[in-house]
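A short worksheet on the structure shown next.
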Amino acid sequence: MRDRQTPLTNELQEYLFEHFSAEDEFLNAIANKCWDEAGIPQINITSYQANFLQFLVKSISAKNILEIGTLAGYSAIVLARAAGDDAKIITVEKEAKHAEFAQKKILEAGLQDNIKVITQNAREFIKSFSPENKLDFIFIDADKSSYYKYLNALTPYLREGGLFVFDNAFAFGFLLETAPERNPAEVRSMLAFHQYLLSRKDYFTTLVPIGDGLLVSLRKPILRTE
């Protein structure tokens with residue numbers, strides 16, 4: 001039926017893990033050992049979300065990438081691998097121990113020339129951020145209530161045809177709950193952010209129901225008059 005989505009059963013999810021994963025042993029070790037090694041929560045994107053992010057990066061030949069929310073470095077490495085040898089990625093992380101762990105893993109991955117880790121609160125970072133070249137791809141996986149701020153502050157630096165991708169679009173499953181177990185304000189802000197993003201005439205947006213949901217927004221070409 002066209003108005004029903006096929007439920008993602010355990011069997012189908014295992015199929016995704018097996019055939020549509022961007023995860024190798026190195027990334028698996030980051031995801032599964034970050035808590036034991038550095039006390040970092042095991043809340044990285046899923047391996048098939050990683051595959052989808054790589055698909056998006058390759059589809060627009062993204063080279064200049066910004067990530068807000070480094071955590072253990074998993075997604076930054078995923079993005080760098082897809083973008084290629086000449087990629088330049090800035091990833092921003094407010095927690096010093098997370099940034100230090102991510103930097104270590106980036107070095108082990110041999111991607112230190114491609115990925116720069118900045119230890120700073122992202123809300124402060126965007127106030128002075130002014131890249132020399134337009135960004136191709138922006139991935140946001142940080143404090144949900146600040147998604148508005150990141151979108152508005154960074155839009156001038158995203159090229160036409162570039163992509164904004166926001167993780168946790170389903171708000172950990174509580175997006176439509178009236179009394180969520182998680183922070184109610186955070187959940188309400190995510191739902192309101194959906195509505196705000198859909199109202200933006202300069203973006204074409206879709207919601208991809210993988211993992212905890214990804215909002216994917218394409219910056220439309222600006223119509224110019226003579």
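The values are calculated or read from the model by the stated rules, or taken from the named source; none is laboratory data. Keep in mind it's a predicted model, so treat the numbers as computed, not measured. Note that we place each Cβ from the backbone using ideal geometry, even for glycine, and neighbour counts take in every protein chain shown. Note: accessible area is taken over every heavy atom of the protein model, side chains too, but ligands, DNA and RNA are not part of it. Shrake-Rupley method; radii C 1.70, N 1.55, O 1.52, S 1.80 Å.
In the range 204-224, which residue that is among the β-branched types (V, I, T) and in a strand (DSSP E or B) is surrounded by the most Cβ atoms within 10 Å (Cβ to Cβ)?
Kept after step one, since they are among the β-branched types (V, I, T), are these residues of the range 204-224: 205-206, 208, 210, 216, 222.
Filter again for in a strand (DSSP E or B), leaving 205-206, 208, 216.
Numbers: T205: 15, T206: 10, V208: 14, V216: 18.
My answer is V216.
Would you call E160 among the acidic types (D, E) and more than 23 Å from F55 (Cα to Cα)? No. Tallying residues that are of a type in the set (A, V, I, L, M) and more than 22 Å from F166 (Cα to Cα) within the range 29-55 yields 2. Which count do you get for residues in the range 157-182 that are touching a strand residue (DSSP E or B) at 6+ places or on another chain (Cβ under 8 Å) and either on the phi > 0 side of the Ramachandran plot or not aromatic (F, W, Y) (or both)? Residues in the range 157-182 being touching a strand residue (DSSP E or B) at 6+ places or on another chain (Cβ under 8 Å) and either on the phi > 0 side of the Ramachandran plot or not aromatic (F, W, Y) (or both): 9 in total.
The condition of being without any contact (Cβ under 8 Å) to a residue 12 or more places away in the chain and among the basic types (K, R) holds for only one of K33, K58, that being K33. The residue list L154, L197 contains one member that is in contact with a strand residue (DSSP E or B) (Cβ under 8 Å, 6 or more places away or on another chain), in contact (Cβ under 8 Å) with a residue 60 or more places away in the chain, in a helix (DSSP H, G or I) and open to solvent by less than 20 Å² (accessible area, probe 1.4 Å), which is L154.
Screening the range 55-98 for residues that are open to solvent by 10 Å² or more (accessible area, probe 1.4 Å) and in a strand (DSSP E or B) and picking the one that is farthest from C34 (Cα to Cα) gives N64.
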